[in-house]
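Okay, structure first, notes after.
Nothing in this text is a laboratory measurement; each read-out follows from the coordinates by a stated rule. Note that this is a predicted model, so its numbers are computed, not measured. Ideal geometry is used to build each Cβ from the backbone, glycine not excepted, and the neighbour counts take in all protein chains shown.
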Amino acid sequence: MNTKRNVLWKIFLSTLYLSAFTFGGGYVIVTLMKKKFVDQYRWIDEDEMLDLIAIAQSSPGAIAVNGAIVVGYKLAGMTGAVTAIIATILPPFVIISLISVFYTAFRDNFIVSQLLEGMQAGVGAVIAAVVFEMAVGVVHGKNPLSIIIMILAFAATCFWGINVVYVVIACALLGILRAGMEKRRKKH
C-alpha cells in the first residue's frame, strides 16, 4: 500500500510539474513525460511510451491530458489515471482563470505580446524535436511497414492536405490489420 501511495504521489507531482511548466500544448509535454517516466523513473520503456502516446493521440481531447491518463493508468490503474488527470488539469485551470480575470489589462501590453511571440518560436522547436525523436524511434525499429506508414501519414497531412482525423483512423485500421495478420502468422 505504501509503495502504491508513493507511486501515486510521484505521478501527481510529476504530472503537476510538467503541466505547470510546459507551455505550447500537448506535444511539448510528451517529450518531458518521456524524460520523466522512461529516462528518470524507468517505469515505462521507450517503445511502450510511444504506444501510450499513440493511444493518447488517437483519443479525443487534449494530448497532454490523454497522455497523463494512459501513463497514470499504466502505472497505477484507475487511481493513477484519476491522479494524473487532476494534476494535469489543475495548473492550466488556475493559470487560465487568473489570465481571464486580467485579460483586458494584458491584451494590449507590448511586453506580454512579445513574450508570447517568443514562446511560440520555442514551442515550434520543441514540437520539431518531439517529431524527430518519434520518427527516429520508428526508423530504429527497422520495420519497413512502420516506416512506410509514417512517411505516407506525413505526406497525407503535409502535402495532400488530408484531415488528420482520417490519417489517424487509417493508421489505426492498418495497425489492427497488421496485428491480426501477425497473430495469424504466429498460429501457423
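A few points about this structure:
- Each peptide in 36-46, 110-120 was scored by the mean count of other Cβ atoms within 10 Å over its residues; highest first, the order is 36-46, 110-120.
- Summary of the geometry: the range 104-124 and the range 138-188, compared by the centres of their Cα atoms, lie 38 Å apart.
- Using alpha-carbon coordinates, inclination of helix 63-101 to the longest axis of the chain, degrees: 30
- Pairwise FRET efficiency - Asn143 versus Ile169, Cβ, R0 = 30 Å, nearest 0.05: 0.90
- For the chain, calculated [θ]222 nm from helices alone, where every DSSP H run of n ≥ 4 adds -39500 (n - 2.57): -28000 deg cm²/dmol
- Asp47/Ala155 FRET efficiency (R0 41 Å; Cβ-Cβ; nearest 0.05): 0.95
- On the beta carbon distance between Phe93 and Lys186, with R0 = 45 Å, the FRET formula returns roughly 0.45.
- Summarising the overall dimensions of the range 28-106 from its C-alpha atoms, the Rg and Dmax are 14.4, 46 angstrom.
- The long axis of helix 2-20 is offset from the longest Cα principal axis of the chain by roughly 60 degrees.
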